[in-house]
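These notes concern the structure reproduced below.
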Amino acid sequence: MDRSTSSHLPRPSWRHALTRLSLPLALRIALRDFRGGLRGFGIFLACIALGVAAIVGVSSLSSTLKDGLARQGRTILGGDVTFNLFSRTLEPAEKDFLEGQGRLATVALMRAMARSEAGEAALVELKAVNGTYPLAGEVRLDPTMALADALAERDGVYGLVADAGLFERLNLKTGARVMIGAAHFELRATLIDEPDRLASGIGFGPRVFITQEALRATSLLQPGAIVRWANRVALKGEPASDEEVAAFVDKAKTRFPEAGWEIRTRENISPLFSRNLERFTEFLTLIGLTSLIVGGVGVANAVTGFVERKRPTIAILKSLGASGPRVFGLMLTQTLLVASAGIVAGALIGSALPFLITASFGGLFPFPLAPGLYPVAIAKGVLYGYLIALAFSAGPLGRVHDMPVQALFRGAIESSTRSVRPRYRILTFAATVCILASVLGFAKDPMLALIYMAATVAAYFLLRAAAFLIVLGARKAPHAKNVALRLAIGNIHRPGALTPSVVLSLGLGLALLVALTLIEANIRAELDPVTTHAIPSFFFVDVQNADAERFASFLKRRAPDADIELVPMLRGRIVRLNDQPVEAVHAKPNAAWVLEGDRGITFSDFVPQGSEVTSGDWWPKDYQGPPLVSIDGEIADGLGLSIGDTVTVNVLGRELTAKLANRRKLNWGRLGINFVLVFSPNSLAGAPYTNLATLSTEGGLNPAREAALVRETAREFPAVSIIRVKEALDAASALAGQLALAVRGAASVAILAAI
């Protein structure tokens, strides 16, 4: 060929040349094959996208909550650091030290009864503040006014602002008068928002703001009264760095090693909330993973159909000399490309979820949200998506390796029953192992992850066995006379039938839904006063020791058919176990809560009601030896305690070390008075305390008697706080319902994938 002829030949474009140089052969063929569209991959894409969206969305929403708390931590906490004390105020040296580090605001938190002039009474969550509150953020009132003006004393009457719930419960309006303890108050505004609501805790009644001078006027601050003093510090040189905050905390611990205060920083506002958020996030993530696994069956079906549709293409490739591994590689490349499209779609949907929730429901959350893009959450969803796609497609794709060209051309009348080669089984197994390893690696609670994986594997084999029995039963069934019925039964057991896939996918999805429904039903049953048995109708808190006998007699006269239990109560915080600080103790998840903050403690000569000694011996009556303590057996196991070990508790700023004498089994289901720690009476001799009382009747009190008892008790004993168990259970049930709604939403993704 001469130069003139060659000059007229078409020359390959630079893009074509670059493509040939940069893309592998399998990828080039796969991309060309997709020019005909993605017919048959709709289910594949939907299953992968749904599962990935669920995982990315849940993880991103959790990170949104955590970031919101972190960014607004100073405002939510009410300062840089909070030093919580129970039943005592700061010593002069402690106060001078904190004021020397920055601005100090002290907040007193306790429960009390508010009484209207008409005699109605309602439990409220008192929040007594000083003049420097709030150190961060702003309290919003309706009508708009300064908090100090709203709470100021006028003509001998203190001001009060409260949640709208108090106005509704007592049928009051702005300007009305109420009594709390021995003091009179005027309702001057409705509380719209408080910046540190989350740090103040979730209460049983409406929030009420008063001044600390007004709190002292109520006469509620009796010895042993249950009141939390939150001492909040905003460090000098605002905003203080994290290093400065940590140095300040270390300095406070060194300066006052036995202060017994519970320290919270702006990065550690509520360990219990953070831990529960992590658990709930992990739970929802496992549900999302279940939807991916259920969708994996759809992936396998789609890949099987893909192989069937591509028989002519595979035949051509093999007739041209393509090897089995080369054909498998081509098909796997196409499958992963489709999976990539589903994964990208799912990641986009999941990443957008926090923004959508914030825009639509952000105002309903009691804490700030900070939506954003979270690479770790996206990476987790992408990883799970590819592993599921590989695990469920390797087997069906592996069958093309040994398909002869003749069988491929006769595909319409001949189906291959060859088993998959070991290499492809190993690939499937490796992908499955990677899934299990990823679940364990991402899990905050390895035991929960192990239980989930064991349950999933067990469900898989049980459903496969059920599918086998269904196919066997259809094969053995007598021939029906009806043609349609006979064909339907035949299609159940014919070669290549989708019976195992249908049973597996729908079975897993329905099993998940039934399990979650049963869990929710059991939780609601435990919280339903109608179905629970032998639970108290009321809890009475802060019964002064001097009034204990008179109070018990009062209740017996008002409810002669009731059982009344009266138990001494103090507040204490565990600071050491066997001379090891609690910060160094690695407690199990079921026991970690005992080490977080102050707990109710008591003392007794006898084994408390609802308890049973399981090991060790109870101390004799009038015991006068070294301090002894009894502890719940499950908590002891979680803390690694045995008989003879020591527990040190800080009570009212004093440390008490007691030897573990016995372990008990507590009946938490009775919802009565239960204490994790019970001391020998001599251990707490001389310590001021109040009493906790319960009133229980067979079948409970009717609403009219309950209302009358609340009014009369509040009038006769204004310092006693009354908690109606039904209201507390209703609040817990409402919270459980909100969580169940989120769980059902995640579970619906699995059901949708199954369908």
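Being under 19 Å from ARG464 (Cβ atoms), of a type in the set (Val, Ile, Thr) and open to solvent by less than 30 Å² (accessible area, probe 1.4 Å): is that true of VAL307 here? Reasoning before the result, please.
Working: under 19 Å from ARG464 (Cβ atoms): no; of a type in the set (Val, Ile, Thr): yes; open to solvent by less than 30 Å² (accessible area, probe 1.4 Å): yes.
Answer is no for this residue.
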Quiz item: Looking at the stretch 24-33, is at least one residue open to solvent by 30 Å² or more (accessible area, probe 1.4 Å), modelled with pLDDT under 80 and among the acidic types (Asp, Glu)?
Solution: yes
Practice problem: Quick one: count up the residues across the stretch 562-590 that are of a type in the set (A, V, I, L, M, F, W, C) and in a strand (DSSP E or B). | Solution: 8
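Select, from THR64, THR89, the only residue that is of a type in the set (Ser, Thr, Tyr), out of contact with any His (no Cβ under 7 Å at 6 or more places or on another chain), open to solvent by 50 Å² or more (accessible area, probe 1.4 Å) and not in a strand (DSSP E or B). Explain how you work it out, then say what you get.
Details: THR64 fails: open to solvent by 50 Å² or more (accessible area, probe 1.4 Å).
The match here is THR89.
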Quiz item: If you take the residues in the stretch 691-706 that are free of Cβ contacts under 8 Å to residues at least 24 places away in the same chain and in a helix (DSSP H, G or I), which one is nearest to GLY600 (Cα to Cα)?
Solution: PRO703
Quiz item: Going by the structure shown, is ARG418 open to solvent by 40 Å² or more (accessible area, probe 1.4 Å), among the basic types (Lys, Arg) and at pLDDT 85 or above?
Solution: no
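Do the conditions hold for ALA407, that is, is it in contact with a helix residue (DSSP H, G or I) (Cβ under 8 Å, 6 or more places away or on another chain), at pLDDT 55 or above and assigned to a helix (DSSP H, G or I)? Give the steps one after another, and end with the answer.
Numbers: in contact with a helix residue (DSSP H, G or I) (Cβ under 8 Å, 6 or more places away or on another chain): no; at pLDDT 55 or above: yes; assigned to a helix (DSSP H, G or I): yes.
In short, no.
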Quiz item: Can you find a residue in the stretch 453-473 that is among the β-branched types (Val, Ile, Thr), at pLDDT 80 or above and within 22 Å of SER62 (Cα to Cα)?
Solution: no
Quiz item: When residues of the stretch 108-128 are filtered for being surrounded by 23 or more Cβ atoms within 10 Å (Cβ to Cβ), more than 31 Å from the chain's Cα centre (by Cα) and closer than 17 Å to VAL161 by Cβ, how many remain?
Solution: 1
Exercise. Give the residues of the stretch 472-491 that are in contact with a helix residue (DSSP H, G or I) (Cβ under 7 Å, 6 or more places away or on another chain) and open to solvent by less than 70 Å² (accessible area, probe 1.4 Å), sorted by residue number.
Key: ALA474, ALA477, ALA480, ILE489
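I'm trying to understand the selection: among the residues of the stretch 641-655, which are at pLDDT below 90 and within 15 Å of GLN580 (Cα to Cα)? Step through it out loud before you land on a result.
In the first step, residues of the stretch 641-655 are kept if they are at pLDDT below 90; the result is 650-655.
Within the stretch 641-655, ASN650, GLU655 meet the criteria.
Just to verify a result, which residue in the stretch 227-239, among those that are open to solvent by 10 Å² or more (accessible area, probe 1.4 Å) and in a loop (DSSP other than H, G, I, E, B), is farthest from ALA93 (Cα to Cα)? Lay out the reasoning, then the answer.
First pass over the stretch 227-239, keeping only residues open to solvent by 10 Å² or more (accessible area, probe 1.4 Å): 228-229, 235-239.
Pick out the ones that are also in a loop (DSSP other than H, G, I, E, B) and you get 236-239.
Numbers: LYS236: 19, GLY237: 23, GLU238: 24, PRO239: 26 Å.
Of everything passing the filter in the stretch 227-239, PRO239 is farthest from ALA93 (Cα to Cα).
Could you list, in sequence order, the residues of the stretch 598-614 that are surrounded by 14 or more Cβ atoms within 10 Å (Cβ to Cβ) and either out of contact with any Pro (no Cβ under 9 Å at 6 or more places or on another chain) or part of a strand (DSSP E or B) (or both)?
Once the filter is applied, which keeps residues that are surrounded by 14 or more Cβ atoms within 10 Å (Cβ to Cβ) and either out of contact with any Pro (no Cβ under 9 Å at 6 or more places or on another chain) or part of a strand (DSSP E or B) (or both), the stretch 598-614 yields ASP598, ARG599, GLY600, ILE601, THR602, PHE603, VAL607, PRO608, GLN609, GLY610, SER611, VAL613.
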Exercise. Among the numbered conditions (1) buried (at least 20 other Cβ atoms within 10 Å of the Cβ); (2) more than 30 Å from the chain's Cα centre (by Cα); (3) modelled with pLDDT under 90, tell me where ILE722 comes up short.
Key: (2)
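Within the stretch 253-260, is there a residue that is in a helix (DSSP H, G or I) and buried (at least 18 other Cβ atoms within 10 Å of the Cβ)? Reasoning before the result, please.
Taking the stretch 253-260 and keeping what is in a helix (DSSP H, G or I), we get 253-255.
The next check asks that each one be buried (at least 18 other Cβ atoms within 10 Å of the Cβ); those that pass are none.
So far as the stretch 253-260 goes, no, none of its residues is in a helix (DSSP H, G or I) and buried (at least 18 other Cβ atoms within 10 Å of the Cβ).
Yes or no: GLU213 of a type in the set (D, E, K, R), open to solvent by 40 Å² or more (accessible area, probe 1.4 Å), under 26 Å from TRP261 (Cβ atoms) and modelled with pLDDT of 90 or more?
yes
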Quiz item: Can PHE442 be described as open to solvent by 30 Å² or more (accessible area, probe 1.4 Å), of a type outside the set (Asp, Glu) and at pLDDT 85 or above?
Solution: no
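Residue by residue, here is whether (1) assigned to a helix (DSSP H, G or I); (2) of a type in the set (Lys, Arg) holds:
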{"position": "THR313", "(1), (2)": "yes, no"}
{"position": "LYS318", "(1), (2)": "yes, yes"}
{"position": "ALA322", "(1), (2)": "no, no"}
{"position": "PHE328", "(1), (2)": "yes, no"}
{"position": "LEU332", "(1), (2)": "yes, no"}
{"position": "LEU337", "(1), (2)": "yes, no"}
{"position": "VAL344", "(1), (2)": "yes, no"}
{"position": "LEU348", "(1), (2)": "yes, no"}
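Among the listed residues ALA454, ALA466, ALA474, which satisfies the condition of being touching a His at 6+ places or on another chain (Cβ under 8 Å) and within 20 Å of GLY507 (Cβ to Cβ)?
Step by step, each of ALA454, ALA466, ALA474 is checked, and only ALA474 is touching a His at 6+ places or on another chain (Cβ under 8 Å) and within 20 Å of GLY507 (Cβ to Cβ).
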Quiz item: Does THR290 satisfy the condition of being more than 13 Å from the chain's Cα centre (by Cα), surrounded by 24 or more Cβ atoms within 10 Å (Cβ to Cβ) and in contact (Cβ under 8 Å) with a residue 12 or more places away in the chain?
Solution: yes
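The values are calculated or read from the model by the stated rules, or taken from the named source; none is laboratory data. Here the structure is a predicted model, which is why all the values come from computation and not from measurement. FYI the Cβ positions are ideal-geometry reconstructions off the backbone, even for glycines, and counts take in every protein chain you see. Just the protein is used for accessible areas: all its heavy atoms, side chains included, with ligands, DNA and RNA removed. Shrake-Rupley method; radii C 1.70, N 1.55, O 1.52, S 1.80 Å.
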